[in-house]
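Everything on this sheet refers to the single structure shown next.
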Amino acid sequence: MKKIMLIYPPGGTYQRGEDRCQININASCANDYRACNDLGYIASILRQEYKIFLKDYSAEKFTYSDFECDFKTENPDIVFISTTNASIYEDIEFVQKIKSLKKETIVILKGALFFNVEANFLDTTITADYLIGGEAEFIIQPLLNAHYNDKNELKNIEGICYKNGENWICNKLEHFCEDLDKLPFPDRSLMNNKLYKNPLTNKPMATISVSRGCPASCIYCLSPVISGKKVRYRSINSIIDELTECVEKYKITDFFFKSDTFTINKNFVIELCESIINSSLNGKINWCANSRTDCLDSEMLEKMKQAGCTIIALGIESGSNDSLKKMKKGTSAEQNLNAVELVKQTGLMTFGFYIIGFPWETMEHLNKTKDIMFKANTDFIEVSSVVPFRGSELYNLYGSDVLGKDSFKNTASINGVLSHKQIENFRKNVILKYYLRPSYIVKKIFNQNINSSLLLNYIKYGLRLLKNYFL
């Protein structure tokens with residue numbers, strides 16, 4: 001039986017399992033590692049045919065020496081690595097090290113950037129054997145079957161790049177799997193679940209994939225490319241069964257409901273919430289989810305709260321209607337404020353996400369975004385510098401060399417109205433002004449629901465904030 005290592009490599013702290021949102025965790029305001037579900041899915045799919053080794057070296061704070069020791073002990077036939085736009089050059093160097101340890105090792109890289117990768121980049125840089133730009137969970141088994149049994153079959157596998165002699169061939173992804181229930185649950189027995197914490201409770205948090213796909217047309221977002229514009233849902237029963245397994249088998253009670261837009265279908269959300277309320281999970285779990293600001297109402301929010309939802313992440317993006325229109329967000333500044341108020345009235349916490357640095361933006365645009373931040377006054381904020389990911393409409397319009405860049409620290413330079421430095425300084429100043437307000441700090445410290453664990457968590461993130469901007 002052949003052995004496969006499924007890994008997040010040592011090095012930079014990137015959200016490797018989130019193909020549409022590949023953030024630099026340590027450079028962010030209030031984000032933490034999320035569970036390596038992509039590796040967990042593949043482990044579950046291959047465990048009958050392969051020996052599995054799974055490790056998140058990044059979250060474990062392990063080094064290359066730790067990996068090298070494991071590699072020599074495990075002697076794998078295959079190494080599967082999740083990569084990101086920001087970490088790609090580190091990951092390519094890592095692949096070269098693997099090949100120097102054992103040249104015949106089959107190395108597979110998975111990442112959103114391989115949906116639309118340029119030929120010269122492949123020819124001059126990539127030393128891996130296969131690249132997966134599609135949904136790896138549905139691709140990995142036929143890919144390995146073709147590799148070991150009939151390489152002629154590689155041409156029939158959508159969403160991969162492979163070598164034919166010295167040349168790379170990339171197969172476009174034409175179809176998405178409609179039946180998400182075909183996937184087994186991620187194998188959490190191989191994950192160090194304690195690594196992945198809910199920032200609000202400091203307890204282990206599992207990621208539950210609820211749906212894939214988004215019908216919106218935001219020009220900066222990869223979701224329509226990597227997940228499709230049609231929303232594909234898991235069955236309610238499957239979601240409930242996975243939640244139950246997490247609670248009963250792994251003692252995990254905190255969850256992130258992963259969707260491109262969780263609240264896009266009110267009937268689905270209410271049915272899921274009612275199923276949680278009417279199950280043994282009622283009162284035992286708490287969870288968070290994301291939402292646009294134009295698909296919320298009181299009935300749905302109340303039902304979400306009853307089912308254990310504690311916080312909603314809102315894609316506010318900008319306070320400028322001009323920017324919102326040009327980025328094709330489909331919302332307005334007024335809708336953004338109304339949505340935040342609606343969530344607050346329900347008693348749920350709010351996390352506001354903003355994007356700055358679009359090519360057309362002036363300081364007037366950015367100041368309107370700053371104004372709405374303080375008017376909305378969400379419990380937490382994150383401010384990202386826009387990255388024109390390859391494959392996005394933004395890249396097609398204003399494409400630049402963005403490989404190796406991220407939204408927070410090593411940001412992409414776009415030829416726009418404002419300089420790179422102006423955008424960086426604005427982000428730094430507005431974040432510090434927001435989080436270092438005496439009123440904000442007092443509110444968090446003296447919140448009646450705060451406990452010592454949560455207070456320590458706030459201190460941890462506060463120290464990270466100060467380190468990022470003053471050291």
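The residue list I132, I92, I126, I108 contains one member that is in contact with a helix residue (DSSP H, G or I) (Cβ under 7 Å, 6 or more places away or on another chain), under 23 Å from L154 (Cβ atoms) and either crowded, with 23+ Cβ neighbours inside 10 Å or in contact (Cβ under 8 Å) with a residue 60 or more places away in the chain (or both), which is I132. Being part of a strand (DSSP E or B) and within 24 Å of N85 (Cβ to Cβ), is that true of even one residue in the stretch 195-209? Within the stretch 195-209 (the criterion being part of a strand (DSSP E or B) and within 24 Å of N85 (Cβ to Cβ)), the answer is yes, since at least one residue qualifies.
Looking across E68, E104, one residue alone is over 24 Å from the mean Cα position of the chain (by Cα) and outside any helix (DSSP H, G or I). It is E104. Taking first residues from the stretch 52-70 that are on the phi > 0 side of the Ramachandran plot and at pLDDT 95 or above and partners that are surrounded by fewer than 18 Cβ atoms within 10 Å (Cβ to Cβ) and among the aromatic types (F, W, Y), no Cβ contact under 8 Å between residues at least 6 apart in sequence or on separate chains turns up.
Any residue at all in the stretch 174-183 that is under 20 Å from the mean Cα position of the chain (by Cα) and modelled with pLDDT of 95 or more? Checked against the condition, which is being under 20 Å from the mean Cα position of the chain (by Cα) and modelled with pLDDT of 95 or more, the stretch 174-183 yields at least one hit. Checking each residue in the stretch 420-471 for being within 20 Å of A376 (Cα to Cα) and surrounded by 14 or more Cβ atoms within 10 Å (Cβ to Cβ) picks out F426, R427, K428, V430, I431, L432, Y434, Y435, Y440, K444.
The rows are residues; the columns are (1) out of contact with any strand residue (DSSP E or B) (no Cβ under 7 Å at 6 or more places or on another chain); (2) closer than 22 Å to D406 by Cβ.
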{"position": "E18", "(1), (2)": "yes, yes"}
{"position": "I45", "(1), (2)": "yes, no"}
{"position": "E49", "(1), (2)": "yes, no"}
{"position": "L54", "(1), (2)": "no, no"}
{"position": "E60", "(1), (2)": "yes, yes"}
{"position": "S65", "(1), (2)": "yes, no"}
{"position": "T84", "(1), (2)": "no, yes"}
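With respect to (1) surrounded by fewer than 21 Cβ atoms within 10 Å (Cβ to Cβ); (2) modelled with pLDDT of 95 or more; (3) under 16 Å from the mean Cα position of the chain (by Cα), the lone exception for K251 is condition (3). Evaluation of N415 against the conditions (1) out of contact with any Ser or Thr (no Cβ under 8 Å at 6 or more places or on another chain); (2) exposed (fewer than 15 other Cβ atoms within 10 Å of the Cβ) shows that the sole unmet condition is (1). Taking the stretch 382-399 as the range and being exposed (fewer than 15 other Cβ atoms within 10 Å of the Cβ) and either in the same structural domain as D91 (by TED's automatic domain parsing) or free of Cβ contacts under 8 Å to residues at least 60 places away in the same chain (or both) as the test, the residues that pass are N396, G399. Applying a threshold of 8 Å to beta carbon distances and a minimum spacing of six or more residues, or different chains, the list of pairs starting in the stretch 298-322 at a residue that is assigned by TED's automatic domain parsing to the domain that holds Q335 and ending at one that is part of a helix (DSSP H, G or I) and of a type in the set (D, E) reads K303/E274; A307/E274; G319/D371; S320/E364. Take the conditions (1) in a loop (DSSP other than H, G, I, E, B); (2) more than 30 Å from G462 (Cβ to Cβ); (3) not aromatic (F, W, Y); E18 misses just one of them, which is (2).
The values are calculated or read from the model by the stated rules, or taken from the named source; none is laboratory data. As the structure is a computational prediction, the values presented were derived from the model and not from experiment. Here Cβ is always computed from backbone atoms with ideal geometry, including for glycine, and neighbour counts include all displayed protein chains.
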